[in-house]
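Read the structure below first, then the notes.
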Amino acid sequence: MAIGSQPRWTVRTADTQVGIDVGLREYMLRIYNYMASALALTGIVAYVFAESGMYLSIARTPLIYVVMLAPLGLVMLLSFGINRLSAAAAQGIFWLYAGLMGLSLSTVFLYFQLGSIARVFFITAGTFAAMSLYGYTTRRDLTRMGAFMYMGLIGIVLATLVNMVLAMFGVASSALQFAISVIGVIVFVGLTAYDTQSIKESYYEADGHEIAGKKAVMGALRLYLDFVNLFMMLLQLVGVRRD
């Protein structure tokens, strides 16, 4: 899906501009509603599976690999197959992804204190809101910053894989994990602003109802991933673990 940056400076009459602004607000509100609903679904599933003990039961079976890998598969399906999917199918996969992420994140409620989780969540929400508002309102082109942040994201993924391999041999580095978390916070703060601007600019492309619906799903997915990853990085840094 092409996300372009156009017509910000196109001359329009006052009436046309008002119409576009109203449409843009409705479009962005739709995306934020999708994202917030997906976060709520993820949180509910994570809490229920952790507190009921169902996650620990699954963790003792081969199903745990499905829980771990299925979300990645669904993201790839949406990212590379969005043009072949209908808007309704894309939305269904998005909700399924949010639910499976809840299963994966059940460990959060097992390893961290509930009060600490709530505190980090509100810190994440405030940071996300501020950076998303910046991305929405700024006239500065954030494309360069976004490219730099995506390079940082690749570095985080590689460093995480290295630390996972080290952990298998019992020599995982706490210093490396700390560095990953710090850099991760910076990366996802920057990506929140960049993705918001990119999603906003994609609205100005002349799309039909079906394509606009798929764009809304993909925009919600991008912001959802920014929020969840920022939350996890902050939780690693300042979260209080259970005794």
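Entry for segment 14-238 at q = 0.09 Å⁻¹: log10 I(q)/I(0) = -0.40, Debye formula applied to identical alpha-carbon scatterers, no solvent contribution. Only Lys, Arg, Asp and Glu carry charge here, each on its Cβ (+1 for the first two, -1 for the last two); on that basis segment 14-238 has a dipole of about 320 debye about its Cα centre.
Mind jotting down the distance between the C-alpha centroids of segment 67-82 and segment 87-117, whole Å? Using only Cα atoms, the two centres lie 14 Å from each other.
The length gained by stretching the chain between Ser52 and Ile123 to full extension, at 0.36 nm per residue less their Cα-Cα distance, is 22.9 nm.
Across segment 14-238, the relative contact order, built from alpha-carbon pairs under 8 Å that are at least six residues apart, equals 30 percent. Descending by average beta-carbon neighbour count within 10 Å, the peptides 168-181, 23-36 line up as 23-36, 168-181, the highest first. Rounded to the nearest 500, the 222 nm mean residue ellipticity of the chain from helices alone is -28500 deg cm²/dmol, with -39,500 (n - 2.57) taken per DSSP H run of at least 4 residues. Placing dummy labels 7 Å off each Cα toward the beta-carbon, the span from Phe169 to Val238 is 3.6 nm.
Of the residues Tyr47, Leu235, Ala88, the one whose Cα sits farthest toward the positive end of the charge dipole of the chain, with +1 on the Cβ of Lys and Arg and -1 on the Cβ of Asp and Glu, is Leu235.
For the ranges 209-216, 190-197, what's the packing order if you count other beta-carbon atoms within 10 Å of each residue, average per peptide, and put the highest first?
Sorting 209-216, 190-197 by mean packing, highest first, produces 190-197, 209-216.
We did not get these values from a lab; they are worked out from the coordinates using the rules stated. Computed from a predicted model, the values in this text were never measured in an experiment. We place every Cβ from the backbone using ideal geometry, glycine too, and count neighbours over all the protein chains shown.
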